[in-house]
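The values are calculated or read from the model by the stated rules, or taken from the named source; none is laboratory data. Remember, predicted model here, so these are calculated numbers, not experimental data. Methodologically, a virtual Cβ is constructed for each residue, glycine included, from the backbone with ideal geometry; neighbour enumeration extends over all protein chains shown. When the accessible area is computed, the model is the full protein with side chains, heavy atoms only, and any ligands, DNA or RNA have been set aside. Shrake-Rupley method; radii C 1.70, N 1.55, O 1.52, S 1.80 Å.
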Amino acid sequence: MNEKGVKTEAWYCSDDSIKGGFDKEFGVNITWDIPLLKGYHYRFFKNSSWKPSIFNGFFGLINLGVLIQLFREPKAVIVVHGWNYFTHFMVLMLGKLRGHTICLRNDMPLSHEFYKQGWKQKIKKIGLKYFLFPRVNKFFYIGYQNKLFYKSYNIDDTRLVSCPYAVDNERFGEQYKLLSPKISEIKHTMGIPAGDKIIIFSGKYIEKKRPLDLLQAFKNLNSPNCWLIMVGEGELRATMEAYIMQHSLKQVILTGFVNQSKIAEYYAIGNVFVMCSSLGENWGLSVNEAMNFDLPLLLSDLTGCSNDLVKEGNNGYVFKTGDVDALTIKLNEILLKNQLSWSTSSKSIIDDYDFNTIIKNLRPLL
């Protein structure tokens, strides 16, 4: 944004992700190998929580310095990512008092809301509709289902701004060009014959991602010329390894955690990208990454981006979450029967989900 002339500063409530450390869901120590703090202005604010962590719920982030700076700052457009922490909630509640333009960017898909019941959900709906949302100027929706979520609260179209989830398409595009001539070489280093087909999964080995669904579908596919590479790590590894051993699945690779500078090699050799997630997968940014390598997609219907990034029968298919038989059938149609029309490619679709689109849509607010 700064490079495009939109003066931007990031306010951080925690350095948990920046400094790295033990990731509870990956189950390993993580240190990112690409720069996260270069090219823009930023501030870190002291966290005064008695249980400081982004993993400790609403009161895990209490940054009083943010609230003080909110009233010192000249009038600005302030984008708040969600309301799930005390700091974020208070900025949303108080920001308009100072004259700021308050923008909310939350990624909740409406399709997930139908599965939530109970008194907590009722209180949330009342709180959002009558207390929080009236204090927000603009709502940044990331995609179709997220827009429907806001519309379910009767948010007027004049307050809605398209702000799609995006990855660094330029960086991934450069890696795609660099790695495309080396596909056979990369396969050879992994012990995969040059002509074999590869299914790519990228994500944590946790319940939300449903990795066992894909293992079952791969077993059912039963093709000697297909491989499954599961890029990631997590608490379900032992269960997955037991399933692989029980069914003698020889052509499955569990990579362990792969950092950003290396993950492109796996996307480059893939023939289809699968995300079979359930509730909690509000978008699925790994899908964006894979599309920069022009991979066909096979996504569960609860993967938040499925309505936006899959053109049914063209660049992939959507299947009902948890339906292993449907997943198996679609894998067969893509890999073995070549039934996709490819009249709209993944690469052409993802070109519209980039930083330039975000900047273009935000400029009128400045």
Can you name the residue in the range 102-136 that is out of contact with any Leu (no Cβ under 9 Å at 6 or more places or on another chain) and touching a residue at least 60 places away in the same chain (Cβ under 8 Å) and, of all such residues, is nearest to residue 164 (Cα to Cα)? 107
For the range 239-254, how many residues meet the condition of being of a type in the set (D, E, K, R) and either farther than 14 Å from residue 192 by Cα or under 27 Å from the mean Cα position of the chain (by Cα) (or both)? 1
Given the range 120-192, what helices (runs of 4 or more DSSP H) lie entirely inside it while holding 3 or more residues that are farther than 21 Å from residue 101 by Cα and more than 21 Å from the chain's Cα centre (by Cα)? 169-179, 183-189
Identify, by number, the condition in (1) hydroxyl-bearing (Ser, Thr, Tyr); (2) in contact with a Gly (Cβ under 7 Å, 6 or more places away or on another chain); (3) open to solvent by 50 Å² or more (accessible area, probe 1.4 Å) that residue 48 doesn't meet. (2)
Reported set for the range 204-233 where residues are within 24 Å of the chain's Cα centre (by Cα) and either without any contact (Cβ under 8 Å) to a residue 40 or more places away in the chain or open to solvent by less than 10 Å² (accessible area, probe 1.4 Å) (or both) is 205, 211, 212, 214, 215, 217, 228, 229, 230, 231, 232
Looking at the structure I just gave you, is residue 190 of a type in the set (A, V, I, L, M) and open to solvent by 40 Å² or more (accessible area, probe 1.4 Å)? yes
Among 300, 306, 346, 278, which is over 20 Å from residue 217 (Cα atoms) and at pLDDT 95 or above? 346
Matching residues in the range 109-124 - criterion: being among the aliphatic types (A, V, I, L, M) and open to solvent by 50 Å² or more (accessible area, probe 1.4 Å): 123
Candidate set from the range 79-101 (those that are in contact with a Leu (Cβ under 7 Å, 6 or more places away or on another chain), over 19 Å from residue 42 (Cβ atoms) and aromatic (Phe, Trp, Tyr)); member that is surrounded by the most Cβ atoms within 10 Å (Cβ to Cβ): 83
Considering only residues of the range 245-254 that are modelled with pLDDT of 95 or more and not in a strand (DSSP E or B), which is least open to solvent (accessible area, probe 1.4 Å)? 249
Of all residues in the range 255-269 being in a helix (DSSP H, G or I) and touching a strand residue (DSSP E or B) at 6+ places or on another chain (Cβ under 6 Å), which is least open to solvent (accessible area, probe 1.4 Å)? 269
Under 7 Å between Cβ atoms, which residue pairs at least 6 apart in sequence (or on different chains) link something in the range 52-72 that is in contact (Cβ under 8 Å) with a residue 24 or more places away in the chain and more than 8 Å from residue 87 (Cα to Cα) with a partner that is of a type in the set (A, V, I, L, M, F, W, C) and not in a loop (DSSP other than H, G, I, E, B)? 58/86; 59/86; 70/91; 70/94
All conditions in (1) within 15 Å of residue 291 (Cβ to Cβ); (2) open to solvent by less than 70 Å² (accessible area, probe 1.4 Å); (3) of a type in the set (D, E, K, R) are true of residue 170 except (2)
Let me confirm something: among 39, 20, 5, which residue is modelled with pLDDT under 70 and either of a type outside the set (A, V, I, L, M) or under 23 Å from the mean Cα position of the chain (by Cα) (or both)? 20
Looking at (1) surrounded by 13 or more Cβ atoms within 10 Å (Cβ to Cβ); (2) at pLDDT 90 or above, find the lone condition where residue 32 falls short. (2)
For the range 234-244, the count of residues that are open to solvent by less than 60 Å² (accessible area, probe 1.4 Å) and either of a type in the set (Asp, Glu) or modelled with pLDDT under 95 (or both) equals 1
What residue, of 321, 357, 344, is surrounded by 18 or more Cβ atoms within 10 Å (Cβ to Cβ) and either under 22 Å from residue 142 (Cβ atoms) or of a type in the set (Ser, Thr, Tyr) (or both)? 321
The number of residues in the range 9-20 that are touching a His at 6+ places or on another chain (Cβ under 9 Å) and open to solvent by less than 40 Å² (accessible area, probe 1.4 Å) is 2
Taking only the range 125-161 into account, find how many residues are surrounded by 18 or more Cβ atoms within 10 Å (Cβ to Cβ) and of a type in the set (Gly, Ala, Ser). 1
